[in-house]
Amino acid sequence: MEKWYKSNCDGDWEHSYKNVSIRTVDNPGWSVEINLIETSLEDKKFEKIQIDNGDEDWIMCWVEDGRFKGAGDTDKLSTILEIFKKWSES
């Protein structure tokens, strides 16, 4: 994430509104949003991921409106970031 973010800092992009947002949700769990607009990932295809094994084991990742979005239970923050990393480097 750090490497990808740094590679997109060009004096303008990093001043955009909410390029990377990580927050908690009341399910409970995590929500991640990453701005892809004006990056090399803006038009890259992403296959939606959705796994639901109940309230304590779920994750969703998708791309919508120029943003990578991920959500998951309380144990899935690192998994969401790893999914983004693998996709961004592929």
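Observations
- Residues of region 30-82 that turn out to be over 26 Å from LYS6 (Cβ atoms) and small (Gly, Ala, Ser), as a count: 1
- Verdict on LYS85 being touching a residue at least 40 places away in the same chain (Cβ under 8 Å) and either within 19 Å of LYS3 (Cβ to Cβ) or surrounded by fewer than 14 Cβ atoms within 10 Å (Cβ to Cβ) (or both): yes
- Any chance ASN35 is free of Cβ contacts under 8 Å to residues at least 24 places away in the same chain, within 13 Å of the chain's Cα centre (by Cα) and surrounded by 14 or more Cβ atoms within 10 Å (Cβ to Cβ): no
- The one condition in (1) in a strand (DSSP E or B); (2) without any contact (Cβ under 8 Å) to a residue 12 or more places away in the chain that PHE68 fails to fulfil: (2)
Residues checked against (1) within 14 Å of the chain's Cα centre (by Cα); (2) hydroxyl-bearing (Ser, Thr, Tyr); (3) modelled with pLDDT of 95 or more:
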site	(1), (2), (3)
THR24	yes, yes, yes
LEU41	yes, no, yes
GLU47	yes, no, yes
ASN53	no, no, yes
GLU64	yes, no, yes
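- Pairs are defined by a Cβ separation below 6 Å, a sequence spacing of at least 6 or placement on different chains, a first member in region 1-29 that is closer than 17 Å to ALA71 by Cα and surrounded by 11 or more Cβ atoms within 10 Å (Cβ to Cβ), and a second member that is among the hydroxyl-bearing types (Ser, Thr, Tyr) and modelled with pLDDT of 95 or more; the pairs so defined are VAL25/SER31; GLY29/THR74.
The values are calculated or read from the model by the stated rules, or taken from the named source; none is laboratory data. What you are looking at is a predicted structure, and each value in this text was computed from that prediction instead of being measured. As a convention, Cβ positions derive from the backbone with ideal geometry for all residues, glycine included, and neighbour counts pool all protein chains shown.
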